[in-house]
1. Here's a check for you: in the range 75-116, which residue that is of a type in the set (D, E, K, R) and buried (at least 17 other Cβ atoms within 10 Å of the Cβ) is nearest to residue 21 (Cα to Cα)?
2. Here is a check on your reading of the model: is residue 42 open to solvent by less than 60 Å² (accessible area, probe 1.4 Å) and more than 12 Å from the chain's Cα centre (by Cα)?
3. Does residue 66 fit the bill of being more than 18 Å from residue 135 (Cα to Cα), exposed (fewer than 13 other Cβ atoms within 10 Å of the Cβ) and under 21 Å from the mean Cα position of the chain (by Cα)?
4. From the list 125, 130, which one is open to solvent by 50 Å² or more (accessible area, probe 1.4 Å), part of a loop (DSSP other than H, G, I, E, B) and in contact (Cβ under 8 Å) with a residue 24 or more places away in the chain?
5. Exactly one condition in (1) within 19 Å of residue 48 (Cα to Cα); (2) exposed (fewer than 13 other Cβ atoms within 10 Å of the Cβ); (3) out of contact with any Asp or Glu (no Cβ under 9 Å at 6 or more places or on another chain); (4) of a type in the set (Val, Ile, Thr) is false for residue 139; which is it?
Amino acid sequence: MQHSNGNTGPTASEFGDTPGDWVPTPEQPWRPVVGDDSGAPYQFDYGADWCADRASHPQFQDDGYPSLNHHRTECRSYDGWFGALSDDGRPGYLSAYLMRPFRFGQERGSTVDETRLAIEFDPAEDDAGELFRCTVPATIIRNLAAHLTQTANVGDGWRAPRQVRLTLVE
């Protein structure tokens, strides 16, 4: 099922003719692009299959332009939020989700986008500091999960800490 995103920008026939000095607007934050022509100077990004806003991707819109509901710079998976404290004791929320840049309308380049795991700490109070985010390659998620499981098992007393070999030097 396709949906209209309410965009009143250029028609599809004008998409290939966007000027080099095109400027994004709140109603049209991405440069208009027609189809996935590998010879075109600008990218038609279908987005990630796992994106939480997948219905907002251009292939699901009547006019081939992403819905304004989509995050402006990236595809994001669903996320989980957990109560947390910062190093200095400020309450906040820890979140983890997959992300990949959303390149609709950007110039084609040699950049290969990889899916990454984003981890954020968002202070609970507006004036309690800035959001902190770091990302790691998604390929390490299973190793990270195994490490966290090991750490939780040690902390809960389910498993003894890793054995450390001690050698005597004479």
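1. Within the range 75-116, the first condition is being of a type in the set (D, E, K, R), and the residues that meet it are 76, 79, 87-88, 90, 100, 103, 107-108, 113-114, 116.
From what's left, buried (at least 17 other Cβ atoms within 10 Å of the Cβ): 76, 100, 103, 116.
On the way: 76: 29, 100: 26, 103: 18, 116: 32 Å.
Here the answer is 103.
2. On the way: open to solvent by less than 60 Å² (accessible area, probe 1.4 Å): yes; more than 12 Å from the chain's Cα centre (by Cα): yes.
Here the answer is yes, as residue 42 does meet what is asked.
3. On the way: more than 18 Å from residue 135 (Cα to Cα): yes; exposed (fewer than 13 other Cβ atoms within 10 Å of the Cβ): no; under 21 Å from the mean Cα position of the chain (by Cα): yes.
Criteria not met by residue 66.
4. Details: 130 fails: in contact (Cβ under 8 Å) with a residue 24 or more places away in the chain.
The match here is 125.
5. Looking at each condition in turn, residue 139 falls short on (3).
Residues checked against (1) among the β-branched types (Val, Ile, Thr); (2) modelled with pLDDT of 85 or more; (3) under 21 Å from residue 118 (Cα atoms):
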residue	(1), (2), (3)
19	no, no, no
32	no, yes, no
48	no, yes, yes
81	no, yes, yes
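The values are calculated or read from the model by the stated rules, or taken from the named source; none is laboratory data. As the structure is a computational prediction, the values presented were derived from the model and not from experiment. Positions of Cβ are backbone-derived with ideal geometry, glycine not excepted, and every protein chain shown enters the neighbour counts. These area figures cover heavy atoms from the full protein model, side chains too; ligands, DNA and RNA do not enter into them. Shrake-Rupley method; radii C 1.70, N 1.55, O 1.52, S 1.80 Å.
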